Protein chains: 2
Amino acid sequence: MASSRRPGTAPPSRPEPSADGSPSRGGTPSGARPTSRDVARHAEVSQATVSLVMGGKWQGRVSPRTAETVRSAAQALGYRPNLAARSLRLGRTRTALLVVPALTHDYFARVHTGASRVAAEHDFGVVLYPSPEGTGPAVDPFGSARAALDGVIASSMAPEALAALRDGGQLPLVMLDSDPGAGHSPATVNLDIADGMRQAAAHLLELGHRRIAHLAAEIDTWTFGVRARALHEALAGTSGTVVRTERSPLSVEDALHAATRILEAAPRPTALVCDDDLLAAGACKAARRLGLRVPEDLSVTGIDDLSLATALEPELTTVRLPAEEVGAEGMRALLAVLDGRTASTPVLPVELIRRGSTARPPREERP
Amino acid sequence: MASSRRPGTAPPSRPEPSADGSPSRGGTPSGARPTSRDVARHAEVSQATVSLVMGGKWQGRVSPRTAETVRSAAQALGYRPNLAARSLRLGRTRTALLVVPALTHDYFARVHTGASRVAAEHDFGVVLYPSPEGTGPAVDPFGSARAALDGVIASSMAPEALAALRDGGQLPLVMLDSDPGAGHSPATVNLDIADGMRQAAAHLLELGHRRIAHLAAEIDTWTFGVRARALHEALAGTSGTVVRTERSPLSVEDALHAATRILEAAPRPTALVCDDDLLAAGACKAARRLGLRVPEDLSVTGIDDLSLATALEPELTTVRLPAEEVGAEGMRALLAVLDGRTASTPVLPVELIRRGSTARPPREERP
DNA sequence: CGCGGCTAGTTATACGTACAACGTTCCCGA
DNA sequence: TCGGGAACGTTGTACGTATAACTAGCCGCG
């Protein structure tokens, strides 16, 4: 430890947080973060032993007494392993990238929450890739962060963006809400959106609706494609029909216009199935502007069960999506892949929440 | 390069992504990520030169011709610096922690978006700390991730959680929406919420309202404390008064109950100033259930301008908060502190958006 | 001719960790 | 008495990078 400083050995000058609230740990140097070597010195063992103990794999290699000594020394010094060094050594970073179209959509915020929760349980970190425009798909998730990732979880990616993802890195990839048959990824996590559409359709049929319109999202992802197909299939063979379909960007304002087009055309539907609660909100506004009451003159259903759904009046009948669970399962799947285990690829159930925006059709329309 | 493998020199076995879509770069080994040494070999220079060139500080140290050679070699190999190694060497990670109460509140999602945008411009990463409960303040942002952070940006922290933050790490800290006078942090970014309240009050006074109630958020953070004080100050010396204040958790359902208490008490206010759009939504529901029309019988204002604000009917008059700008300025401030520059501590302007939920009070109430 | 000063590099580390391979005791049975 | 293990550690790297300190030409000037 004497100053045997050879040429080219000057350490990079750390800014040293300057005298302030530094807790002045019992550590060796002064204000610097303690390293495993400091702990070793403190516990009078070698650095390797500290590493073994802290790594938890000391069974039969270190005596319980020594292990305890090391642990308390680490505790006393406030030691925390340096993640950069660990990553460098292991070649893994314990960090996952979560790619979502827009965090400002509550669904994705919830997906993130779920993924983060599971990640935290496994000492994993989550980095978000925010889409440039806030609505479009992600474009280049691989900035300089790329080398620091162990895997990618991507939600609702458009095909072209997906291709870029595959091209860019050979990182393990888990897809959420994406075509499980496309073979892009070893693992997928999906919602049983088709069943949600079936539930919505069944609910409306049961109430007596026959002329049903579809307000679809103008987004070219698999999960939205499923919605349209499922609705048609659910009505096939029943007395109900999809009388009209309009597509709209995912905003209340745009949905208002699209819904207006639907409601002004003949024959006017008695129920409107919307791909998203935001669209349903727009539809409700459109109806009111045309002098139609919801649900007396028009029933409306959404998908998501955003907080918006209960803020509206009437409250929205909607298909609740277990967003957090999607994120959590996605992270579990990624962890499984990283572990070399085979990931389950669940399809999570959804549930129709019946509220005030659906009712029997107007009397003159009843069959 | 010959196999001069000394004892204890076995490299950690990397899983090797297995023959698949690996682009088979022109690199030296095979499937492993190319390092600066690979680039050096390719360009027939030393590793140090590669580092200099890639680091951008080669002015006067490397000839332009050599620099170009290095750059194209790096390009050809698809070289990307290993962030773990860089972090280890530099002692910095280029990663910031963003602590927010709940991402599912759109305001914080937008803060995150802004912070991420600025971070990306500076090759910085953002890690989110999700609150355990989704609504309460963050508790222990320092898991094993702690060592991998350069700084912290914290929004709307309750005092006790703030203390934990200060205790835990001596990391640079930027506070958002927090008391700039508390001296907890070298830098703060704030909204001129007080002015927002003044604008709302002035708007209501101008419309003729005199009996105004306050539906406050039941959250003990500085920014919500300011709202109450500012409203009272804005009405002081005018003909208007705050006839009643109720506090409510930040949810539509809770706000409905709190607003009901306000509206059932005498004297009934003609206008209701709410601390958040969510509360305003609850207030509108409450009014309608009591048979009051908005805005004819009751004017309502919110704060935030969530997408919810225009989904409701009538659309909400609300104080628009530049959330993204808050996040962006917060990240700029943190970067400044990390650079040793003094951070500006801006107070961002807010703007009242007049929409359908406010109007003149009922005729019999007019002064 | 010699030497300072520049240019254009190279060499030699160290950052903090994890782990393979190598001691060192100590005990036990033959 | 001695060989053979366990049991318990330690030594010695290497991961990939950034940078201080050194070096080899080369020019020009005294």
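Quick notes on this structure:
- Less than 5 angstrom separates the built amide H of A:Val319 from those of A:Gly302, A:Ile303, A:Asp304, A:Asp305, A:Ile353, all sequence-distant by 5 or more or on a different chain.
- Dipole magnitude of the stretch B:36-81 about its Cα centre (Cβ charges: Lys, Arg +1; Asp, Glu -1), debye to nearest 20: 120 debye
- Counting only protein heavy atoms and a probe of 1.4 Å, the accessible surface of the stretch A:36-81 is 45% carbon and sulfur.
- Between chain A and chain B, the total buried accessible area stands at approximately 4400 Å², from heavy atoms with a 1.4 Å probe.
- Cβ-based net charge around B:Arg332, under 11 Å, with every Lys or Arg adding one and every Asp or Glu removing one: -2
- Peptide A:306-316 is shielded by partner chain Cβ atoms: per residue, an average of 6 of them sit within 10 Å of its Cβ.
- Note on B:80-93: average number of Cβ atoms from other chains within 10 Å of each residue's Cβ is 6.
- Inter-copy separations for B:Gly340, label at 7 Å along Cα-Cβ, nm, ascending: 4.8
- For the stretch B:88-102, the Karplus equation 6.51 cos²θ - 1.76 cosθ + 1.60, evaluated at θ = phi - 60°, returns couplings of 4, 5, 8, x, 9, 10, 6, 9, 10, 9, 10, 9, 10, x, 6 Hz by residue, with Gly and Pro reported as x.
- Taking the label point 7 Å along Cα→Cβ, B:Glu206 and its counterparts in the other copies are spaced 5.2 nm apart, in ascending order.
- A protection proxy built from the mean count of other Cβ atoms within 10 Å ranks the segments B:281-289, B:229-237, B:61-69, most packed first, as B:281-289, B:229-237, B:61-69.
- Shielding by partners, peptide B:280-287 (average Cβ within 10 angstrom, other chains): 2
- Modelled this way, with points 7 Å down the Cα-to-C-beta line, the labels at A:Ala182 and A:Glu218 are 2.1 nm from one another.
- Distances between equivalent label points of B:Gly237 across the copies, with each point positioned 7 Å along Cα→Cβ, amount to 7.5 nm, shortest listed first.
- At the listed q of 0.13 Å⁻¹, the Debye profile of the stretch A:36-81, built from one uniform point per Cα, gives log10 I(q)/I(0) equal to -0.20.
- All lysines inside 20 Å of B:Lys57 as judged from Cα atoms, apart from same-chain residues fewer than 8 positions distant: none
The values are calculated or read from the model by the stated rules, or taken from the named source; none is laboratory data. A quick note: this is a predicted structure, and the numbers were derived from the prediction, not measured. Here Cβ is always computed from backbone atoms with ideal geometry, including for glycine, and neighbour counts include all displayed protein chains. Ligands, DNA and RNA are stripped out before the accessible areas are found, and what is left, the full protein with its side chains, is counted by its heavy atoms. Shrake-Rupley method; radii C 1.70, N 1.55, O 1.52, S 1.80 Å.
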